[in-house]
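The values are calculated or read from the model by the stated rules, or taken from the named source; none is laboratory data. Predicted model only: the values in this text are computed from it and were never measured. Using ideal geometry, Cβ is built from the backbone for each residue, glycine included, and neighbour counts are taken over all protein chains shown. To get the accessible areas, we keep the full protein, side chains included, count just its heavy atoms, and leave off ligands, DNA and RNA. Shrake-Rupley method; radii C 1.70, N 1.55, O 1.52, S 1.80 Å.
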Amino acid sequence: MIMWTYRPEMSDFTRRDLLKSSIAASAVAAEQTSAAAQSRQGNAAPPAASAGGGRERLLLDFGWRFHLGHANDPAQDFGWGNGGGTFAKSGNTVPAARPNFDDSGWRKLDLPHDWAIELPFENNRALTDHGSHPLGRNFPATSIGWYRRVFDLPASDLGRRIALEFDGVYRNSIVIFNGHYIGDNFSGYAPFRYDVSDQANYGSRNVLLVRVDATLGDGWFYEGAGIYRHVWLTKTGPVHVPQWGTFVRSTVRPGGPAAVRISTEVDNETAGVRNCRVVSRIVDPAGKAIATVAATPMAIPAWSRREFDQTIQVSSPALWSVEDPKLYRLETTVESGGAAVDSYVTPFGIRSARFDVDKGFFLNEKPVKLKGTCNHQDFAGVGAALPDRIQYYRVERLKDMGSNSIRTSHNPPTPELVDACDQLGLMMMCETRMMDSTPEGLSQLERMVRCHRNHPSIVIWSIGNEEPEQGTERGARIEATMKRVVKANDDSRPITQAMNNGWGGNGATKVQDVQGFNYNEGRIDQFHKDYPALPMVGTETASTVATRGIYFNDREKGYVRAYDLEHPPWAALAEVWWKFYDERPFLAGGFAWTGFDYRGEPTPYGWPCINSHFGIMDMCGFPKDNFYYYQAWWGSKPVLHLFPHWNWEGKEGQEIAVWVHSNLDRVELFLNGQSQGAQDVTRNTHLEWKVKYAPGTIEAKGYKGGQQVLAAKRETSGPAAKIVLRADRPRLSANGEDVALLTAQIVDAQGREVPIADNELTFQVTGGGRLIGLGNGDPSCHEMDTAASRRAFNGLCMAIVQTSKSADEIQVQASSPGLEQAVVSLTSAAVPLRPSVP
Ligand code: GAL
C-alpha cells in the first residue's frame with residue numbers, strides 16, 4: 001500500500017490538498033467536425049434573410065501569426081507598457097496593430113493553439129499544478145503570447161454590425177483592433193464578444209491583435225496558454241438577434257405533446273423605431289418543418305432590445321435521451337419593414353429532467369442514475385487546444401465505458417464539447433469557474449448560461465467547487481445572487497454546488513436546488529435524514545489513482561498500480577463509492593474524478609510525474625483497468641476483463657494478484673490450461689485470484705446462465721517485433737480541422753501485444769495531413785507533445801494527424817529501429833468548408 005502521509009519529498013501536494021486531507025480525516029462539521037460545428041447555435045446554414053446584409057458567422061481560426069512577448073520587458077513585448085502613450089489617444093496603442101507592421105518574424109499558425117505544451121518541463125514545485133511548464137511571475141519570457149491576424153472587410157459591410165467572438169482564451173486577454181483598445185477579458189474560460197463596427201475599416205485591411213497573459217492561473221490544474229478555442233467574425237444587419245438571444249425550453253407530458261416555449265431577443269441598433277416580427281419555425285430530427293409561428297409584431301425603440309415570446313405545441317415529440325439523442329432545430333427569422341432582416345438557428349432538444357428527493361434523477365420521467373465523470377479539458381498531444389473531433393472522441397470513449405454524464409470541472413466548457421454531448425447523448429453538469437457574485441463572476445456565469453442554455457444535454461448548473469465559503473452565511477449570500485442570475489437566464493434547470501464541507505446550517509445548502517457532495521460518503525445518510533426535502537448528487541467522487549499498465553507502485557518513476565487499490569485520504573476506490581451510490585435510490589448518481597488523466601496535480605508522487613493519475617483513462621483515452629469496472633456496472637453489454645498482463649520475467653513462482661472485472665454470473669480462471677478455480681460474481685465487485693506466475697497463458701472464461709459467453713486471455717509475449725497502427729476513422733474531412741487519432745501498438749513476432757514495450761516510435765505523415773501531436777499516457781514522460789517521435793508506454797502510443805484543406809490520401813508511417821514498421825492510409829475527402837475569414 002502507498003502510505004498517504006504528507007512527506008514533503010513524496011509529492012507536490014499543495015496546501016489545499018493538506019487542508020482537504022485534514023478535513024477528510026477529522027470529519028469536521030460544517031462527418032463530424034464541420035457538420036457538427038455547423039449545426040451549433042447561430043452557425044448553421046440560416047434561412048434566407050435579405051435586407052440589412054443578413055447574418056454571416058465566419059470562422060476566424062486560420063492564418064494567424066504568433067510571437068511570445070515578455071511580462072517584464074516592454075522592448076520584448078512589442079512596446080506594450082512602454083511608459084505613457086499606450087492609451088493616450090484612441091486608435092494609437094502599439095506598432096504591431098498598424099497595417100504596415102512587419103510580422104514576418106512571427107510564426108504562422110492556425111487556432112486553436114496552446115503554447116504551454118510547446119514549453120519544456122521544469123522540476124519546480126511552483127509549476128507542478130500547471131503541468132510543470134514555465135508559466136508565471138518567474139517566467140516572464142514564456143507567459144505572454146501575441147496573436148496577430150490581418151483581414152479585409154468589403155466596403156459593402158458598412159452599416160452592418162461587425163463583431164468578434166472568442167469562445168475562450170487562456171487568459172487575461174487584451175484585444176486591439178485597428179489600433180484601438182477594444183477590451184480585456186479576465187477569464188480563461190468564459191466566451192466573450194466585442195462589437196467592432198465603429199473601429200472597422202470598410203473596403204480595406206483590418207488588423208486584429210490579441211495579447212494573452214497566462215502569468216496568473218484561474219485554477220489549480222493545467223489550463224494551457226493562448227487562444228485555445230475558436231474565434232468568429234460575425235456580421236448582421238442592424239436589427240438582429242443578439243448573441244445567444246434565443247431560449248427554447250419545453251414542458252413534456254409523458255406520452256403526450258410538448259409545449260415548446262421560445263423567447264427571442266431582438267436588438268434594434270438603429271436611430272429609429274423599428275416594427276419587428278419574429279417568425280419561428282421548428283424543424284424535427286428528420287429535417288421536416290413541423291410548425292411555423294409568427295409572433296405579434298412589436299415596435300422596438302431606437303438602440304433597444306425587446307423579447308418576443310411564443311409557445312408552440314409539438315404533438316408527438318421525439319425526445320432527447322442518452323440512448324437516442326434526438327435534436328430539433330429552431331429557425332428564427334426577424335422581419336422588419338416587410339422584409340426578413342435576420343435569421344438565427346438554434347439546435348435544441350425536447351426532454352424533461354428532474355431531481356427527486358427519494359428517487360434521485362429522472363430523464364423523460366424515467367429514473368436514471370447519473371453515471372458520470374468529472375473532467376478537465378486537456379488531452380494528449382494538443383494540451384488545451386482540442387480540435388473539435390477530439391471532443392467527440394472523448395465523449396465516445398466515455399459512453400463506451402457506460403457513462404451517461406459529465407461534469408465540466410471546474411469551468412465553463414468549450415461549445416463543441418456541449419455539442420458532442422447533445423449529439424452523442426451524454427448529460428452534463430455544467431460548472432462555472434467559482435463561487436463569485438462580483439460583476440466579473442456574475443458576468444462569467446451569465447455568459448456560460450446564455451451560451452449553453454439551449455442544449456438538452458445540460459441537466460444542472462454548478463456554481464462552484466469546494467469553495468472555502470461554502471458553509472458560511474456569506475457563502476449563502478453569494479450563492480443566492482448567483483442563483484438569481486442563473487434563474488433570470490434559465491428558469492428551467494436546478495443549481496447545485498460541489499461541496500466538500502459545510503453542508504447544512506446557514507451555508508450554501510439553504511440556497512441550492514440540489515445538494516452536491518464531493519467525497520465524504522460517510523456523511524451522506526445523516527445529511528439525507530436531516531434534509532429529507534433536498535435532492536442529492538455526488539458532484540465529485542472517487543479520485544482513485546492508477547497508471548495504465550502498471551501493477552506495482554514505483555515512487556521513483558511516479559507510477560501507481562492499476563488495481564482498484566489506491567486513493568488519497570479524501571477519496572475512495574471505484575468499487576467503494578459506486579457500490580455506495582448504487583445502493584441508495586435517493587442519490588441521483590455521481591461524477592467520478594476523473595474520466596481522463598490531465599496535466600498537473602501529479603498525485604501521489606511529484607516530479608518526475610507531471611500528470612494526474614486520477615483518470616479512468618489515461619491522457620490518450622487508453623483505458624486503465626478500472627474502465628472495465630465501470631463498463632461492467634454502468635454499461636449494458638457483457639464484460640469480462642482480465643488483468644494484469646502476463647509478462648513477469650523474473651517473478652516465476654511468485655504470487656501475482658489476478659483480477660477480473662465482469663458482470664457475468666461466474667468466472668473460471670486457468671493458468672496454462674489448469675483451472676485456478678471458479679468464482680461467482682457479486683454485483684459491483686471485482687474477482688480476485690492469487691496465481692503463482694509461470695509464463696504462458698492466463699485465461700478467464702465467463703458464464704451466464706450456465707453457458708460460457710466470453711473468454712479473455714493474456715499471454716506472455718516474445719520480444720517487441722513490429723508496430724500495429726490503427727486509426728479511429730479511415731475517412732476524414734479535408735477541411736484543415738478534422739483529425740485522426742492513431743494508436744500504435746507494439747506486438748511480438750506472433751502479433752501478440754507486448755505490454756511492457758517502450759520503443760521510441762517516429763511518425764511520418766505524407767499527403768493531405770500533418771502530425772499535430774503525440775502522446776503515450778505516461779504520467780512521467782517529458783518528451784514534447786509536438787515532437788515527431790515518442791516512446792511507447794506499456795506498449796501503446798498515440799499520434800494525432802490533422803487534415804489539410806486539400807482532398808488527398810494521407811499516409812501515416814510509424815517506425816522504430818529493429819521493429820517492422822507500420823503504415824496506415826487515410827482518405828481525406830472534400831467537404832463543404834465552414835465559412836471562414838479569408
Ligand atoms: C478535489 C478537487 C479536484 C481535484 C481532486 C483531486 O477535491 O475538487 O479539483 O483536485 O480533489 O482528488
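Looking at the structure I just gave you, is Pro608 open to solvent by 10 Å² or more (accessible area, probe 1.4 Å), closer than 30 Å to Glu122 by Cβ and either basic (Lys, Arg) or away from the ligand (no atom under 16 Å from the Cβ) (or both)? Give the derivation first.
Details: open to solvent by 10 Å² or more (accessible area, probe 1.4 Å): yes; closer than 30 Å to Glu122 by Cβ: yes; either basic (Lys, Arg) or away from the ligand (no atom under 16 Å from the Cβ) (or both): yes.
When the stated conditions are applied, Pro608 passes them.
Output the residues belonging to the range 387-410 that are open to solvent by 10 Å² or more (accessible area, probe 1.4 Å) and in contact with a Lys or Arg (Cβ under 8 Å, 6 or more places away or on another chain).
Gly402, Asn404
Among (1) more than 16 Å from the ligand (Cβ to nearest atom); (2) of a type in the set (Lys, Arg); (3) farther than 29 Å from Leu640 by Cβ; (4) buried (at least 23 other Cβ atoms within 10 Å of the Cβ), where does Arg474 come up short?
Of (1) more than 16 Å from the ligand (Cβ to nearest atom); (2) of a type in the set (Lys, Arg); (3) farther than 29 Å from Leu640 by Cβ; (4) buried (at least 23 other Cβ atoms within 10 Å of the Cβ), only one is false for Arg474: (4).
Please work out which residue is farthest from the ligand (Cβ to nearest atom), limiting yourself to the range 611-634 and to residues that are hydroxyl-bearing (Ser, Thr, Tyr) and farther than 21 Å from Val382 by Cα.
Tyr628
Tell me which residues, restricted to the range 682-715, are open to solvent by less than 30 Å² (accessible area, probe 1.4 Å) and touching a strand residue (DSSP E or B) at 6+ places or on another chain (Cβ under 8 Å).
Within the range 682-715, Leu687, Trp689, Val691, Tyr693, Gly696, Ile698, Ala700, Gly702, Ala712 meet the criteria.
Applying the selection to the range 548-565, what residues are among the β-branched types (Val, Ile, Thr) and within 20 Å of Val660 (Cβ to Cβ)?
Across the range 548-565, the qualifying residue is only Ile550.
In the range 750-791, which residue that is closer than 24 Å to Ile550 by Cβ and of a type in the set (A, V, I, L, M, F, W, C) is surrounded by the most Cβ atoms within 10 Å (Cβ to Cβ)?
Looking at the filtered set, the residue picked out is Leu774.
Gly549 is checked against (1) in a loop (DSSP other than H, G, I, E, B); (2) within 15 Å of the ligand (Cβ to nearest atom); (3) within 30 Å of Asn776 (Cα to Cα) and fails just one. What number does that condition carry?
Of everything listed in (1) in a loop (DSSP other than H, G, I, E, B); (2) within 15 Å of the ligand (Cβ to nearest atom); (3) within 30 Å of Asn776 (Cα to Cα), Gly549 misses just condition (2).
Any idea which of (1) touching a Phe, Trp or Tyr at 6+ places or on another chain (Cβ under 9 Å); (2) in a loop (DSSP other than H, G, I, E, B) is the one Thr786 doesn't satisfy?
The single condition Thr786 does not satisfy is (1).
Away from the ligand (no atom under 16 Å from the Cβ), over 17 Å from Thr544 (Cβ atoms) and out of contact with any His (no Cβ under 8 Å at 6 or more places or on another chain): does that describe Pro585?
Yes; evaluated as a whole, the condition is true for this residue.
Return the residues of the range 432-451 that are over 16 Å from Ala508 (Cα atoms) and either charged (D, E, K, R) or buried (at least 19 other Cβ atoms within 10 Å of the Cβ) (or both); say none if nothing qualifies.
Correct list: Arg433, Glu440, Gly441, Gln444, Leu445, Glu446, Arg447, Met448, Val449, Arg450, Cys451.
Let me spell it out: the conditions are (1) closer than 15 Å to Leu640 by Cβ; (2) in a strand (DSSP E or B), and Lys690 meets all of them except one. Which number is the exception?
Condition (1) is where Lys690 drops out.
Go through Asp12, Asp103 for me and flag whichever is at pLDDT 95 or above, in a loop (DSSP other than H, G, I, E, B) and surrounded by 16 or more Cβ atoms within 10 Å (Cβ to Cβ).
Exactly one of Asp12, Asp103 is at pLDDT 95 or above, in a loop (DSSP other than H, G, I, E, B) and surrounded by 16 or more Cβ atoms within 10 Å (Cβ to Cβ), namely Asp103.
Given Gly795, Gly818, which one is on the phi > 0 side of the Ramachandran plot and open to solvent by 30 Å² or more (accessible area, probe 1.4 Å)?
Step by step, each of Gly795, Gly818 is checked, and only Gly818 is on the phi > 0 side of the Ramachandran plot and open to solvent by 30 Å² or more (accessible area, probe 1.4 Å).
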